[in-house]
Amino acid sequence: MSEKIYGQFDLETIEKLADIVKNKDLGEITIADGDKVITVKGKKCPPAPMGMPMPMAVGTALPAAQTAPEASATSAPVTGGKAVKAPIVGTFYAAPSPDSKPFVSVGDKIKKGDTIFIIESMKVMSEVQSEFDGVVREICVNSGDAVEFDQTIMILD
């Protein structure tokens, strides 16, 4: 029994992408396989309330797919300091595992290249390194929150 093919993607792949968008409260998700590209759009959700769920284990990096232009509207306005933004759509994790302490906390000094958080996208854990030296002034999202591409994650002084 064969599944119906939509463009170059089978129905099962499309359904899995739709489930990811729905379960992770993403604005959209795009995947590419060679010259085949598919984007599944979902309903945009408001930022999640404060909480501190912890992450899963770390994996390898995955290239980012840009989201809709309105995604940057979820970014908090930055007044002074350096904004650290999400390089991909996914789930933000402050620590490498549920039992571990966060990579950084408010008041911590960090150096360029330090791992400061993880974003999970399509079951791949991507460690994010700081592009700046500085002191963490504010962490704008909570561990376990869905984040959009270019959303402000933290602010450094």
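The values are calculated or read from the model by the stated rules, or taken from the named source; none is laboratory data. Only a predicted model underlies this, so the values are computations on that prediction, with no experimental measurement involved. Note: ideal-geometry Cβ built from the backbone for every residue, glycine included; neighbour counts use all protein chains shown. Each accessible area value is taken on the protein alone, full model and side chains, heavy atoms only, with ligands, DNA and RNA left out. Shrake-Rupley method; radii C 1.70, N 1.55, O 1.52, S 1.80 Å.
Here are the numbers for this structure:
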{"item": "So S143, is it surrounded by fewer than 21 Cβ atoms within 10 Å (Cβ to Cβ) and on the phi < 0 side of the Ramachandran plot", "result": "yes"}
{"item": "Hey, A86 touching a Lys or Arg at 6+ places or on another chain (Cβ under 8 Å), of a type in the set (A, V, I, L, M), surrounded by 15 or more Cβ atoms within 10 Å (Cβ to Cβ) and at pLDDT 50 or above or not", "result": "no"}
{"item": "Pairs, first in contact (Cβ under 8 Å) with a residue 40 or more places away in the chain and more than 22 Å from K24 (Cα to Cα) in the range 93-118, second open to solvent by less than 60 Å² (accessible area, probe 1.4 Å) and assigned to a loop (DSSP other than H, G, I, E, B), C-beta under 6 Å, six or more apart", "result": "I110/V104; I110/S130"}
{"item": "Residue in the range 1-29 that is modelled with the lowest pLDDT, counting only those that are of a type in the set (K, R) and open to solvent by 80 Å² or more (accessible area, probe 1.4 Å)", "result": "K4"}
{"item": "Subset of the range 105-126 [open to solvent by less than 40 Å² (accessible area, probe 1.4 Å) and over 17 Å from the mean Cα position of the chain (by Cα)]", "result": "I110"}
